[in-house]
Structure formats: structure tokens, C-alpha cells
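Written out below as C-alpha cells is the structure these notes cover.
The values are calculated or read from the model by the stated rules, or taken from the named source; none is laboratory data. Quantities reported herein were computed from a predicted structural model and do not represent experimental measurements. Positions of Cβ are generated from backbone atoms using ideal geometry, with glycine treated the same way; all protein chains shown enter the neighbour counts. Ligands, DNA and RNA are stripped out before the accessible areas are found, and what is left, the full protein with its side chains, is counted by its heavy atoms. Shrake-Rupley method; radii C 1.70, N 1.55, O 1.52, S 1.80 Å.
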Amino acid sequence: RLGKAIIVAENETAITSRTVSPHAEQLLSAASNGDISRVQQLVKMGIAVDTQVSGDGTALIIAAKQGELAMVDALLVLGAQPDLASRGDGNPLIAAARRGHLPVVERLVDAGADVNRIVAYDETPLINAARSGDVETVAYLVEHGADVNLGVVADFGQWRSPLNQARNDRVRDYLTQRGAVAGRR
């Protein structure tokens, strides 16, 4: 999916776009390929570490999605924002939680990512972790302040919460034991 010709402004509510520079595409490609030295080189050349490409997100979202802890660390050192959302691509914590990449989730939370951040069309980290079925990631988020009843209205008014999006009984049982309730609160 890399190589699209649109970049979305950093403000997730903005609809403005412009042509992506070849260097921006190279940054996301290098992050996707785990090429830390190339990422460092491109940022040193002046490419914004939080460059967003519609459909791909940011380099940090890509690294989080892939569970690449070394790349996540390198991007954070370069100043990547651990909570930056990219419309339609979530944010780094949502991307990592969605795939049950617990070491990346831990690192992002340590770097200041908000465990209760709602991203339009991508819900919350806990909803995504519950959907992944990974009870360890769910537990980590809850132990670090994720609200077990924080839900959102999505897709034609559908209520989504960690409990109703839980993929398996282990996750449902864990959430219920921590006070999650069915329905809206």
C-alpha cells in the first residue's frame, strides 16, 4: 500500500491534502522494511518523522502494526509522537493493540500514549485489543488505566465497547471481572 500520492495533514480533523514527496514515501518504506539507518538518514535530511500518508499512517504506526520494537524505539528517539492519530489508520497504540504486540504496546504507553484515546473510525486501544483476542494486551491496558466501559458509536450508530468486541471468552471474562458491563454506560 505504500506509495500513495496523498498526504493528510497532522490534524486528524483536517481534510486538506497535498502531493507526497518521494522522501516521505521513502521514510514510510524504510520503516516498513525495518531499515533504521535509512529512517535516521531521512529524518536528518529534514523529512518530518511524523509524516502521514493516507492509507499507511505514519512510520510509527507502520512499525507498531508490524510489532517492530527496534524501529518503534528508533522512531521515538527521533521524536515521533506516540499518540498521533492518522485518519483511517488509527494511532500507534491502536495499531499495536489490534495485533496483540504487547512489547510495542508497553513501549508506547511508557512513551506517553493515551490508553483511552478515541480515534474516529478506529475506536480505542482497548477495543482493538479485545477484538484481537489477546488477553495479555487487554490486561496490560486495563492495568495502565484503560476504561473497560469506554465505548464509541461507530458505523451507522452501532455501539462498540471492549466487552461487545471481545473475540473470545478469556477476554470477556477478564473484562467482566474488571467491571465491564453490557450496553452503554
Task: Extension gain from VAL153 to GLN41, taking 0.36 nm per residue of separation minus the Cα-Cα distance - done: 36.2 nm
Task: Residue order for LYS44, LYS65 - accessible surface, 1.4 angstrom probe, largest first - done: LYS44, LYS65
Open item on the list: Can you compute the charge dipole magnitude of region 39-185 about its Cα centre, using +1 on each Lys and Arg Cβ and -1 on each Asp and Glu Cβ, nothing else charged? Give it in debye, rounded to the nearest 20.
Closed with: 340
Task: Histogram of C-alpha separations across region 31-147, 10 Å bin width, % - done: 16, 51, 27, 6, 0
Open item on the list: For the chain, what does the accessible surface come to per residue with a 1.4 Å probe? Please give it in Å².
Closed with: 46
Open item on the list: Let me check I've understood the local charge: for ASP155, count other residues with C-beta under 15 angstrom from its C-beta, Lys and Arg +1, Asp and Glu -1. What total comes out?
Closed with: 0
Task: region 139-185, Rg to Rh (Cα coordinates; Rh as Kirkwood inverse mean 1/r) - done: 0.96
Task: Area accessible to solvent at ARG167, 1.4 Å probe radius, in Å² - done: 150
Task: Cα coordinate range in region 46-115, projected on the principal axes (Å, largest first) - done: 29, 25, 20
TODO: Have a look at VAL109, PRO92, MET45 and report the one farthest towards the positive end of the charge dipole of the chain, computed about the Cα centre with Cβ charges (Lys/Arg +1, Asp/Glu -1).
DONE: PRO92
- [ ] Would you mind checking region 117-142 for residues with the amide N under 20 Å from a putative spin-label position 7 Å along Cα→C-beta of ASP169?
- [x] 130-139
